[in-house]
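Notes follow once the structure below has been shown.
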Amino acid sequence: ENKPTRLQQKLKRWQAYVEQHPNGWKKRLALAEVLYFMGRWEEAIDAYQQVLAKQLGLLEVSLRVGHMLHLLERKKEAIEVYQNAFSQAYQPASKYHLHGLIARLSQQDEAAVTSFEAAIALDPQNPLHWHQLGQLHLEREAFDAAWHAFDAALALNPNDLVALSDSYQP
């Protein structure tokens, strides 16, 4: 019961701060987070993109924006966000993961599988790689491969909600 009120208070506080200090990015990021959790994705995307314009190299922010755009069926914009993140990523596993996301959105499934598998080979403890590989296999109706990917994510964390829920689909 208190969360909507608390979120509304945070929203007002961050909006006022951002209006007073429009050049800062940390509070704008906080504002974007609140908008995201409130389900106001269009506004959150705008705020996140302003953060990314001011502060390069925020991979987690780029992944969140790209994912929201993907879910909103704005694939071209998502690809652009992932391409910008790719050019700024410095870890090989992150580059492979981003390449996989770009390939997935571009309907290049084989390239996406290869990229996610390469990311997993470099960073097998990262469940995000396993999630993306599993979801891609689900889309391709390769259910055994999808189950294997989600099972690997669950081996890392048995309480992984994404892997738990997606592992029931195959």
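Looking only at Cα atoms, what is the convex hull volume of region 1-54 per residue, in Å³?
Hull volume over Cα atoms, normalised by residue count, gives 56 Å³.
What ranking do 89-96, 115-122 get when scored by the average of other Cβ atoms within 10 Å per residue, highest first?
115-122, 89-96
Taking all protein chains in place and a 1.4 Å probe, what share, in percent, of the accessible surface of region 63-160 do carbon and sulfur account for?
Ligands and nucleic acids excluded, carbon and sulfur reach 52 percent.
When ranked by the protection proxy of mean other Cβ atoms within 10 Å per residue, highest first, what sequence do the peptides 13-23, 124-134 form?
Sorting 13-23, 124-134 by mean packing, highest first, produces 124-134, 13-23.
Work out the FRET efficiency for R6 and Y168 from their Cβ-Cβ distance, taking R0 = 30 Å, and round it to the nearest 0.05.
Step by step, r from the Cβ atoms, then E = 0.35.
Let me check I've understood the local charge: for H131, count other residues with C-beta under 11 angstrom from its C-beta, Lys and Arg +1, Asp and Glu -1. What total comes out?
Summing Lys/Arg as +1 and Asp/Glu as -1 gives -2.
Find how many whole Å separate the alpha carbon centroid of region 33-92 from the alpha carbon centroid of region 111-150.
Each part's Cα centre sits 21 Å from the other's.
Taking the Cα centre of region 60-170 as the origin and placing charges on Cβ (Lys, Arg +1; Asp, Glu -1), which of G100, A145, V113 is farthest toward the positive end of the dipole?
Going by the Cα projections, it comes out as G100.
Where only protein heavy atoms count, and the probe is 1.4 Å, what is the accessible area per residue for region 58-170 in Å²?
Ligands and nucleic acids excluded, the figure is 54 Å² per residue.
Which of the peptides 146-155, 69-78 is most tightly packed, and how do the rest follow, judged by the mean count of other Cβ atoms within 10 Å per residue?
My ranking of the peptides, most packed first, is 146-155, 69-78.
Helix 92-105 against the longest principal axis of the chain: what's the angle in degrees, Cα atoms only, rounded to the nearest 10?
Long axis of 92-105 versus the principal axis of the chain: about 90 degrees.
Set the bar at 29 Å for Cα to Cα. Now go through K12/K95; K54/K75; K10/K75 and name every pair that lies beyond it.
K12/K95; K10/K75
The values are calculated or read from the model by the stated rules, or taken from the named source; none is laboratory data. Since the model is a prediction, treat every value here as computed from it, not as a measurement. In this analysis, Cβ positions are derived from the backbone assuming ideal geometry, glycine residues included, and neighbour counts consider all displayed protein chains. Accessible surface areas use protein heavy atoms only, side chains included; no ligands, DNA or RNA. Shrake-Rupley method; radii C 1.70, N 1.55, O 1.52, S 1.80 Å.
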